[in-house]
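Shown next, in structure tokens, is the structure this report addresses.
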């Protein structure tokens, strides 16, 4: 199969994870992964449809669920009408989100190393006291974006 809009390494990961989830690599799934791989922020379904008008809305929803179940896509729910979608963190690098309670926008943000270090210490402490073994963490700062203030 020719790689259309995603890099070879990402295509292989998509193929492996979809196969592990008993799913097939399809043109629409590759197009969605390709779009999300080049996005500078998590995208809503309307934004995805605008960027990829050949994908029907119902197909976008169905395929994003499959991609999420396969561990390729992460869905971010806000207080507005649309969830946002981005590639899974292990494919893009560790980051956090700024979520606006007024407009629902989501922006990626890197946390300062001091916060990340404190999270590692806290995670180890929580594991010692509860037995819970965290696989990763997410920090979403919820408030009002600059455009809405």
The chain: relative contact order in percent, alpha carbon pairs under 8 Å with at least 6 residues between:
19 percent
Cα-based helix-to-principal-axis angle, 57-69 vs the chain, degrees rounded to 10
50 degrees
Folded to 0 to 90 degrees: helix 8-20 orientation relative to the chain principal axis, Cα
90 degrees
With angles folded into 0 to 90 degrees, how steeply does helix 27-38 sit against the dominant principal axis of the chain? Use alpha carbons for both and round to 10.
40 degrees
Which labelled figure in (1) 17.0, 52; (2) 14.1, 39; (3) 15.3, 49 is Rg and Dmax of the Cα atoms in Å, once derived from the coordinates:
(1)
Helix-only estimate, please: 222 nm mean residue ellipticity of the chain, summing -39500 (n - 2.57) across DSSP H runs of length 4 or more and dividing by its residues, to the nearest 500.
-13500 deg cm²/dmol
Hey, fewest Cβ within 10 Å first, where do 66, 109, 73 land in order?
109, 66, 73
On a full-extension model of 0.36 nm per residue, what is the gain between residue 110 and residue 50, subtracting their alpha-carbon distance, rounded to one decimal in nm?
18.8 nm
Under the rule rounded for a/c under 1.5, else prolate if a/b exceeds b/c, else oblate, using alpha carbon gyration tensor axes a ≥ b ≥ c, the stretch 44-84 is classed as oblate
Counting other C-beta atoms within 10 Å, which of 130, 38 has the fewest, and how do the rest follow?
130, 38
Based on the Cβ-Cβ distance of residue 68 and residue 146, what FRET efficiency does E = 1/(1 + (r/R0)^6) give at R0 = 35 Å, to the nearest 0.05?
0.75
Mind checking the full-extension length gain between residue 120 and residue 21? Use 0.36 nm per residue of separation minus the Cα-Cα distance, one decimal, nm.
32.6 nm
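Each value in this text was obtained by applying a stated rule to the coordinates, not by laboratory testing. What you see is a predicted model; the values in this text were computed from it and never measured. No Cβ is skipped: glycine too gets one built from the backbone with ideal geometry, and neighbour counts run over all protein chains shown.
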